[in-house]
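Trainee: Okay, handing you the structure first.
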Amino acid sequence: QVQLVESGGGLVPAGGSLRLSCAASGRIFSSDGMAWHRQAPGKQRELVAVITGGGNTNYVDSVKGRFTISRDNAKNTVYLQMNSLKPEDTAVYYCRLSRVGASVWGQGTQVTVSL
């Protein structure tokens with residue numbers, strides 16, 4: 001069973017940048033779909049960015065042009081580069097792996113953007 005561990009969260013001022021990493025304990029296959037979600041206090045978890053096995057990406061409108069999702073299958077790691085951060089980006093960010101018959105979540109990493 002693959003396990004995912006997120007890192008890279010923290011406290012950053014508005015306008016700053018962070019890069020989140022999601023490391024898999026097992027192998028990430030090129031066919032796996034990978035995604036980042038986030039959940040702010042009192043809100044539902046939302047999909048932020050997704051990258052397919054073929055490298056196609058998609059983003060929620062609120063982060064387009066600011067966030068970039070990428071993957072390195074050789075390192076079994078997925079990244080989320082976050083630039084021009086806003087206070088409304090404050091949330092716990094979760095990594096998710098999707099493959100046939102399985103969906104795996106990480107434990108989350110806190111991102112806090114201050115005014």
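The values are calculated or read from the model by the stated rules, or taken from the named source; none is laboratory data. Model, not experiment: these values are computed from the prediction. Note: ideal-geometry Cβ built from the backbone for every residue, glycine included; neighbour counts use all protein chains shown. Calculation scope for accessible area: heavy atoms of the full protein, side chains included, ligands and nucleic acids excluded. Shrake-Rupley method; radii C 1.70, N 1.55, O 1.52, S 1.80 Å.
Trainee: Can you report the principal axis dimensions of segment 24-115 using only the alpha carbons, biggest first, rounded to whole angstrom?
Mentor: Here the spans come out as 39, 25, 20 Å, largest first.
Trainee: Which percent of Cα pairs goes in each bin when the distances of segment 1-73 are cut into 10 angstrom slices starting at zero?
Mentor: All Cα pairs, binned at 10 Å, distribute as 16, 48, 31, 5 percent.
Trainee: Also, I was wondering about something else. How many percent of all Cα-Cα pairs in segment 31-74 sit more than 15 Å apart?
Mentor: When all Cα pairs of segment 31-74 are counted, 45 percent exceed 15 Å.
Trainee: Please work out how much length the chain gains when fully extended from Gln110 to Val2, using 0.36 nm per residue of separation minus the C-alpha to C-alpha distance, in nm with one decimal.
Mentor: This chain segment gains 36.7 nm when fully extended.
Trainee: Output the relative contact order of segment 37-115, whole-number percent, from Cα pairs under 8 angstrom with separation of 6+ residues.
Mentor: Relative contact order of segment 37-115: 25 percent.
Trainee: Sticking with the crude label model, points 7 Å out along Cα→Cβ, report the distance from Arg99 to Asn83 in nm, one decimal please.
Mentor: Result: 3.2 nm between the two label points.
Trainee: Quick one: pull the percent of accessible area on segment 1-93 belonging to carbon and sulfur, 1.4 Å probe, ligands and nucleic acids left out.
Mentor: 48 percent
Trainee: Show Asp89, Asp61 ordered by accessible area, largest first, where the area counts protein heavy atoms only and the probe is 1.4 Å.
Mentor: Descending accessible area places them as Asp61, Asp89.
Trainee: Tell me the per residue accessible area of the chain using a 1.4 Å probe; a whole number in Å² is fine.
Mentor: 52 Å²
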